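Novice: Please see the structure below; I have some questions.
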Amino acid sequence: MNGVVRAITLDVSIEREALAELALFERDPAGYKTKKQSAAEASAKTAKKGVALDVPNFEAFIRHVKNEGLTDNYRRYVLTPYLTAWGVALAERQLRDVTLTELYEILDRWSTARTARIIALKAFTKWLRERDMLRLAEDPTAELKVPPSKAEKSVRPKGYVLAAVEQAYAEANSQRLRDTLRIRATTGMHATEIDRVARGDGILTEVNDPCGIKGTVTFRQLKADMTHTISLDSETFAAFQRCQIVGRGLGDSGVVQMLRRIADRLRSKCTNEEERRSIVPLHPSQLRHSFSTWARTNGELVRPTGRGLPIEEVAAVMGHTNIKTTKKFYLTERVPPMIRLPLRLVHPADPSAESAAARKAASND
C-alpha cells in the first residue's frame with residue numbers, strides 16, 4: 001500500500017469473517033482497523049471523556065435523591081448549596097484528575113460545615129459509582145474521611161428547662177410557630193418528620209380515649225425504614241391538623257429567626273442585666289433533647305384504656321426471635337402509650353382543639 005508492504009493480523013476465526021474484513025480493508029486501506037483496534041480506541045475515548053460535577057450530573061443526582069425520598073429541606077439546605085460550592089471550586093474538572101490533597105486544600109478554605117460538605121460530595125461520587133460512571137480507582141473521595149462526632153456533645157447538658165420553653169411559647173405571635181414548638185416539645189419529632197406529616201405522608205387518627213389520648217400520628221422513619229406511631233393529646237393533635245391544612249411544616253431556618261426575635265423581646269422586658277443575660281434564643285433541634293430529658297425526669301406514662309400486652313410478650317407468642325420483626329409489622333396496629341409532661345404551653349390566641357377539628361373537616365370538604 002503506497003509502496004509499503006504491510007502485514008495485518010486479523011482477530012477472526014473463520015474464512016467468512018476474514019473475507020468480510022478484507023472487503024472493509026479494500027474500501028479504505030488507510031483507515032482500516034481491526035476489531036481489537038477499534039474496540040481499544042473506543043475504550044480510550046470513553047476513558048478520556050471522564051465525568052465531572054457539572055450541571056447535568058448535579059441535576060440528575062438531585063432527581064435521584066428526590067426519588068429516594070430525601071426531604072425538600074435536605075436537598076435545598078444541604079445538598080444543593082454544598083455541591084454547588086464544590087462544583088465552583090472544582091471548576092467542572094474531571095473527577096479522576098482531582099487528587100485527595102486538592103480536596104483537603106479546598107475544605108481548608110471553608111470555615112464552616114466541614115462534615116456536611118464531605119458527606120454531600122461523597123454521596124454524589126457514590127451515586128456516580130453505582131451508575132458505573134466513575135470507577136473506585138478514579139474516585140478522589142474514596143479516602144476522604146468524614147470527621148467523627150465530637151465526644152463533647154455526649155456529655156454537655158442538652159435541652160432546656162420547662163420554664164424557658166413555656167416563656168418562649170407565651171411570647172410567640174405566630175400560630176405556626178406555636179404549633180411547631182408544641183409538636184416538637186411534646187413528641188420529640190424531627191422537623192423533617194413533621195413536614196412529611198403536614199404534606200400528607202403521615203396519617204392522623206382520632207382515638208378519643210378516656211385516658212387523655214386524643215389521637216395518633218403515624219409516619220415513616222426513613223433512617224430506620226419502619227413505620228412509627230405516636231399518641232397525642234388534644235392540643236398536639238389539633239396542632240397537627242392545622243399543619244395539614246397549611247400543607248407543609250415550618251422549616252428550621254424560619255423557626256430559628258423567630259425564636260431569636262422572641263429572645264430579643266424578652267430581653268427588652270428584663271429589669272436587670274443578670275436576668276437579661278440568662279435569656280438565650282431557643283434552637284428547635286434542642287427540643288428533641290428537651291423532650292427526652294423531661295420524659296426521664298418528669299414524664300408520666302399514660303396507657304390507653306384496655307392497655308393490651310407488652311410487645312415483648314406478643315413477640316414470644318408469635319415465635320419471633322427478634323423483637324424488631326414484631327415492631328415492624330404489628331406495633332402500629334395499636335395505640336401506643338403517651339408520655340405526658342408537666343409542660344404548660346399557653347397563649348391567649350391559641351384556638352380550641354374543637355375549632356381546629358372543624359377547620360380540618362372543612363378543608364377536606
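The values are calculated or read from the model by the stated rules, or taken from the named source; none is laboratory data. What you see is a predicted model; the values in this text were computed from it and never measured. Cβ placement follows ideal geometry from the backbone for every residue including glycine, while neighbour counts extend to all protein chains displayed. Surface areas here come from the heavy atoms of the whole protein model, side chains and all, with no ligands, DNA or RNA. Shrake-Rupley method; radii C 1.70, N 1.55, O 1.52, S 1.80 Å.
Novice: Please give the contour-minus-distance gain from Thr101 to Thr80: 0.36 nm per residue of separation, less the Cα-Cα distance, rounded to one decimal in nm.
Specialist: This chain segment gains 5.2 nm when fully extended.
Novice: Here's something else I'd like to know. Considering only protein heavy atoms and a 1.4 Å probe, what is the carbon-and-sulfur percentage of the accessible area of the stretch 208-263?
Specialist: 48 percent
Novice: I would also like to ask the following. At 1.4 Å probe size, with every protein chain present, just tell me what the per residue accessible area of the stretch 174-304 comes to in Å².
Specialist: Ligands and nucleic acids excluded, the figure is 48 Å² per residue.
Novice: Roughly what angle does helix 35-49 make with the longest principal axis of the chain, taking Cα atoms, 0 to 90 degrees, to the nearest 10?
Specialist: On a 0 to 90 degree scale, this one is about 40.
Novice: In whole Hz, with x marking every Gly and Pro, tabulate ³J(HN,Hα) for the stretch 130-142 from phi via Karplus 6.51 cos²θ - 1.76 cosθ + 1.60, θ = phi - 60°.
Specialist: Running phi through 6.51 cos²θ - 1.76 cosθ + 1.60 with θ = phi - 60° gives 5, 8, 6, 9, 8, 7, 4, 5, 9, 7, x, 8, 4 Hz.
Novice: Still on this structure, I have one more. Quick one: pull the percent of accessible area on the stretch 1-117 belonging to carbon and sulfur, 1.4 Å probe, ligands and nucleic acids left out.
Specialist: Within the stretch 1-117, the accessible surface is 54 percent carbon and sulfur.
Novice: Please compute the Cα-Cα pair-distance distribution of the stretch 195-289 with 10 Å bins starting at 0, giving whole percents from short to long.
Specialist: Calculated over all Cα pairs of the stretch 195-289, the distribution is 14, 32, 29, 18, 7, 0 percent.
Novice: If you don't mind, another one. Residue by residue through the stretch 230-246, what is 3J(HN,Hα) from phi via Karplus (6.51 cos²θ - 1.76 cosθ + 1.60, θ = phi - 60°)? Round to whole Hz and write x for glycine and proline.
Specialist: 10, 7, 10, 7, 5, 5, 5, 4, 5, 4, 5, 4, 5, 4, 5, 5, 5
Novice: State the Cα centre-to-centre distance between the stretch 177-206 and the stretch 60-116 in whole Å.
Specialist: The distance from the Cα centre of the stretch 177-206 to that of the stretch 60-116 comes to 29 Å.
Novice: So what does the Cα-only Debye profile of the stretch 1-44 read at q = 0.30 Å⁻¹, as log10 I(q)/I(0), no solvent term?
Specialist: Log-scaled intensity ratios, in q order: -1.17.
Novice: Near the amide H of Val207, under 5 Å away, which other amide H atoms are found, from residues 5 or more places off or on another chain, if H is placed in the peptide plane?
Specialist: Excluding prolines and chain starts, which carry no amide H, the hits are Gly215, Thr216.
Novice: Just to confirm the number: angle between the C-alpha axis of helix 80-90 and the first principal axis of the chain, 0 to 90 degrees, nearest 10?
Specialist: So the helix axis and the longest Cα principal axis differ by about 30 degrees.
Novice: Return the calculated 222 nm mean residue ellipticity for the chain, to the nearest 500 deg cm²/dmol, obtained by summing -39500 (n - 2.57) across DSSP H runs with n ≥ 4 and dividing by the residue count.
Specialist: Taking each H run of at least 4 residues, the total per residue is -15500 deg cm²/dmol.
Novice: Would you pull out the residues with amide H under 5 Å of Val335's amide H, same chain only if 5 or more places away, H placed 1.01 Å from N?
Specialist: Those lying under 5 Å, H to H, from Val335: there are none.
Novice: In whole angstrom, and with the biggest value first, how far do the Cα coordinates of the stretch 258-300 range along each principal axis?
Specialist: 36, 21, 13
Novice: Calculate the tail of P(r) for the stretch 102-152: the fraction of all Cα-Cα distances greater than 18 Å, expressed in %.
Specialist: Result: 36 percent of Cα pairs exceed 18 Å.
Novice: If each residue of separation counts as 0.36 nm, what is the full-extension length gain between Ala163 and Glu59 once their alpha-carbon separation is subtracted? Display every interim value, and only then the final one.
Specialist: On the way: separation 104, 0.36 × 104 = 37.44 nm, distance 4.60 nm.
Value of the extension gain: 32.8 nm.
Novice: Hey, with R₀ at 25 Å, roughly what FRET efficiency would Ser352 and Thr218 work out to, going by the Cβ-Cβ distance, to 0.05?
Specialist: Approximately 0.55, to the nearest 0.05.
Novice: In nanometres, what is the gap between the two model label sites at Arg93 and His289, each 7 Å from Cα along Cα-to-Cβ?
Specialist: Those two pseudo-labels are separated by 3.9 nm.
Novice: So what's the angle, to the nearest 10 degrees on a 0 to 90 scale, between helix 162-171 and the longest Cα principal axis of the chain?
Specialist: Taking the Cα atoms of the chain, the angle to 162-171 is about 90 degrees.
Novice: Another question, then. Give, in nm to one decimal, the length gained when the segment between Asn173 and Asn67 is fully stretched (0.36 nm per residue of separation minus the Cα-Cα distance). Present the calculation step by step, with values, prior to reporting the outcome.
Specialist: Details: separation 106, 0.36 × 106 = 38.16 nm, distance 3.66 nm.
That works out to 34.5 nm of additional length.
Novice: A further question on this structure: So if we plug the beta-carbon distance of Lys36 and Thr321 into 1/(1 + (r/R0)^6) with R0 = 41 Å, what FRET efficiency do we get, rounded to 0.05?
Specialist: Numbers: r = 56 Å, r/R0 = 1.37.
E(calc), rounded to 0.05, equals 0.15.
Novice: Could you calculate, for the chain, the ratio of the Cα radius of gyration to the Kirkwood radius, expressed as Rg to Rh?
Specialist: 1.18
Novice: Now, a different point. How do the peptides 287-297, 119-129 rank, highest first, by the average count of neighbouring beta carbon atoms within 10 Å per residue? All intermediate terms of the calculation are to be shown ahead of the outcome.
Specialist: Numbers: 287-297: 17.5, 119-129: 19.1.
Output ranking for 287-297, 119-129: 119-129, 287-297.
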